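Below is one structure; the comments refer to it alone.
The values are calculated or read from the model by the stated rules, or taken from the named source; none is laboratory data. Every value quoted in this text rests on a predicted model; they were computed, and no experiment measured them. Backbone-built Cβ (ideal geometry, glycine too); neighbour counts: all protein chains shown.
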């Protein structure tokens, strides 16, 4: 079955068996290994990507359902010239250790800040509830998201 | 209970909201004086003056992590690579009467199968080589692999597993570690389930218990804990034309892994290359080989690279877990709550194979009495086999379990004697030059200072009122 | 996942026809947050997936003379962001917020959740106390029923294999009714309810009017606590009355012992949460 999606602004397609999940298609057919396979049942969030503006577990979405959609993966967060403020702040704060939760965490955080530019700590926790991390204890991740939010707001008002 | 003057939740919220990146925070180490070696400063100060301590550093891999460019094993593919799946045992303890992979071999996409009798040397382990690569003829826990299949796609490998016919003769099993201690319990290996033990003796514990004002006794149990690394165990095996095998693996201890591969494959180490890549969480669970010899052999048979990744289900039943401890603590104290004697029995649920139990029992035993000055100690620790998931290394190696026991009992004692829980610890705690339970002189001890400072910051006094 | 066929029907009628044609080997796919997991681990006989998640007929949130209509394929995320829902059925929004996590709610549909029909379905109690009705569509056309009649047992609804849940209606007179929802799980996110409860009521001259109490995860399906409701009707609320009603509610439930909690603990939760939602509903009613 031919599935055509727009990934990170570029049209991509692959011929995949109908039962292929979006995660599998991204990783194996399109070579975008940023989204990870952690549990395959939608609990850990390492497979999180944005489809048509909302964050989803790509391991639970059939690739065929995403046909015609706009998909944003971690590979699309930074542009050619600079890192996304979230990526900068994650790096500055040392928010990631093994890094496996990183792509999913960053995508969920981006999804939050796109909708709610000034979240409270509670709202950050709520937004990241579907992304598990076994290494860090979440503290620096939350700090980095709060800091990135500040950065993004000051960037807009500073001009 | 009175409300605390410091509300820890709003404090945390504030801290998280205001936190700045470390690079933006000032250094706290005095840098006005140059560092000169050798450092002839008093012990504590020396630590503050070395070039590294107190410096801000960025993780070198932070950039790639944020970009999603870090390559974990499952992100690596090779041309013509196959996928392997492992068939796990149906019983916690059984004899395999027969395995028939002939139907599986005919399934679409299947290029190789493997069973335990094909492993050149089917045993490995860091202390005792009691663990098989693929169990044969005895399976000792539900997570034991009994056969493996390599196929072009993962689904083909999974489908082929269903066609493997295994005939089992179930054997009596033992799950409870206390039951496993008994002579008449089903045996997992050999004549006894006790496979390692440790004794620590100091002073005369029975005499001191008799002379104690109060004696407290309790049994504490801790549970199985699975590491749940976000990245499941993963490996890829590939051979070159010169008979050398390379494994890309999430394994942490690659030199030990290479030894185990040399042993199980009956190959010289010089022909084995292990590449341990960036790992997505280990915590001790990736300290020993799992599938690597299986993949090496499948790869040899199929003449193609073979990859295998644990499912999350495999992670729970087949990868190692933390040892459950059953701990009997008998503690004698005087009327001021000063500990005079401590007698401890530890029973480690050692799972089906020994793995890192040797280290765990050692650490657990030495740390069992707690960071307290006790003149009379007896620790008797036993590790027993059970027909459950192999218990292995997990951060702490026995320390967290005993800590739960001795700290809980400390609170019991404080409560019974009407002594402040902080105070009783200050009365008993280690200081500089205290002796450990095995009579090691301890230095750089800041236990009481830490407790006192922490108590101040938490608002311990206010909370008590 | 095992080989499957995937079909996107052009209309609800086409979907029903496909399900009728393929019988047990076909399965309707909504958000997939339950079904896709099942297909990976125990696919059973399923060979064909009929993706109904995009069908226009099952989308939309609108208020009409009849009341508030929510299409079955509306996701929990969409419900949480919809201004009409926030204003008119705030406790259904609150219940939606407790489902899974953000990603689950962006895929998971209210209809799919009700059709999966686990006793702990979070939106069920909040809908039940608002006298919600559901529309089922099949080869014989549409039929409408109170939501309680939709649930038959754990993972079993009244749906025939060819039928689909089309939409959920909250009757006009129930919109904006003082209501409260509470859920207790072992975590604050991605948690199954040990107990979830909702209440709705009005106050008329200081007396309780038309009380509704619904409980989930404490019986084979979500249930109404009819005896507790009957006890409260027409009475002046006091703390003691509320507690007595809560205790009556406990007697109407059959909580189980499992690895998450004992039946005894669940009974204590039922009592506390029922008190809580009744108290909160009364506060809202009193403000009016």
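From the set of residues in region C:94-117 that are within 12 Å of chain A (Cβ to nearest Cβ) and in a helix (DSSP H, G or I), which is surrounded by the fewest Cβ atoms within 10 Å (Cβ to Cβ)? Ranking the candidates gives C:97 first. Of the residues in region A:25-32, none is modelled with pLDDT of 95 or more, part of a helix (DSSP H, G or I) and in the same structural domain as residue A:139 (by TED's automatic domain parsing). Give me the residue from region C:118-135 that is closer than 15 Å to residue C:215 by Cα and surrounded by fewer than 21 Cβ atoms within 10 Å (Cβ to Cβ) and, out of that set, farthest from the other protein chains (Cβ to nearest Cβ). Among those residues, the one meeting the criterion is C:131.
Filtering region A:117-142 to residues that are more than 18 Å from the chain's Cα centre (by Cα) and either in the same structural domain as residue A:44 (by TED's automatic domain parsing) or assigned to a helix (DSSP H, G or I) (or both) leaves A:121, A:122, A:139. For region A:73-82, give me each residue that is under 27 Å from residue A:137 (Cβ atoms) and more than 7 Å from every other protein chain (Cβ to nearest Cβ). Result: A:73, A:77.
Residues that are out of contact with any helix residue (DSSP H, G or I) (no Cβ under 6 Å at 6 or more places or on another chain), closer than 27 Å to residue B:226 by Cβ and not in a helix (DSSP H, G or I) occur in region B:396-416; there is at least one. Please verify whether region A:105-123 includes one or more residues that are without any contact (Cβ under 8 Å) to a residue 60 or more places away in the chain, surrounded by fewer than 20 Cβ atoms within 10 Å (Cβ to Cβ) and within 7 Å of another protein chain (Cβ to nearest Cβ). Yes, region A:105-123 has at least one match.
Residue-wise test of (1) over 19 Å from residue C:110 (Cα atoms); (2) assigned by TED's automatic domain parsing to the domain that holds residue C:83; (3) touching a strand residue (DSSP E or B) at 6+ places or on another chain (Cβ under 6 Å).
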residue: C:131; (1), (2), (3): no, yes, yes
residue: C:136; (1), (2), (3): no, yes, yes
residue: C:140; (1), (2), (3): yes, yes, no
residue: C:147; (1), (2), (3): no, yes, yes
residue: C:156; (1), (2), (3): no, yes, no
residue: C:187; (1), (2), (3): yes, no, no
residue: C:194; (1), (2), (3): yes, no, yes
residue: C:199; (1), (2), (3): yes, no, yes
residue: C:203; (1), (2), (3): yes, no, no
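Applying a threshold of 6 Å to beta carbon distances and a minimum spacing of six or more residues, or different chains, the list of pairs starting in region B:49-64 at a residue that is within 9 Å of chain A (Cβ to nearest Cβ) and modelled with pLDDT of 70 or more and ending at one that is in a helix (DSSP H, G or I) and buried (at least 16 other Cβ atoms within 10 Å of the Cβ) reads B:62/A:91; B:63/A:91. Count of region A:43-72 residues, restricted to those that are more than 11 Å from chain B (Cβ to nearest Cβ), buried (at least 23 other Cβ atoms within 10 Å of the Cβ) and on the phi > 0 side of the Ramachandran plot, is 0. For region A:126-141, filtered to residues that are closer than 18 Å to residue B:62 by Cβ and within 14 Å of chain C (Cβ to nearest Cβ), the residue that is surrounded by the most Cβ atoms within 10 Å (Cβ to Cβ) is A:131. Kindly indicate whether any position in region C:53-67 is within 14 Å of another protein chain (Cβ to nearest Cβ) and buried (at least 19 other Cβ atoms within 10 Å of the Cβ). Among the residues of region C:53-67, at least one is within 14 Å of another protein chain (Cβ to nearest Cβ) and buried (at least 19 other Cβ atoms within 10 Å of the Cβ), which makes the answer yes. The set of residues in region B:65-92 that are at the interface with chain A (Cβ under 10 Å from one of its Cβ atoms), touching a helix residue (DSSP H, G or I) at 6+ places or on another chain (Cβ under 7 Å) and closer than 19 Å to residue B:275 by Cβ contains only B:70. Among the residues making up region B:206-235, those that are part of a strand (DSSP E or B), within 14 Å of chain A (Cβ to nearest Cβ) and over 20 Å from residue B:346 (Cα atoms) are B:226, B:234.
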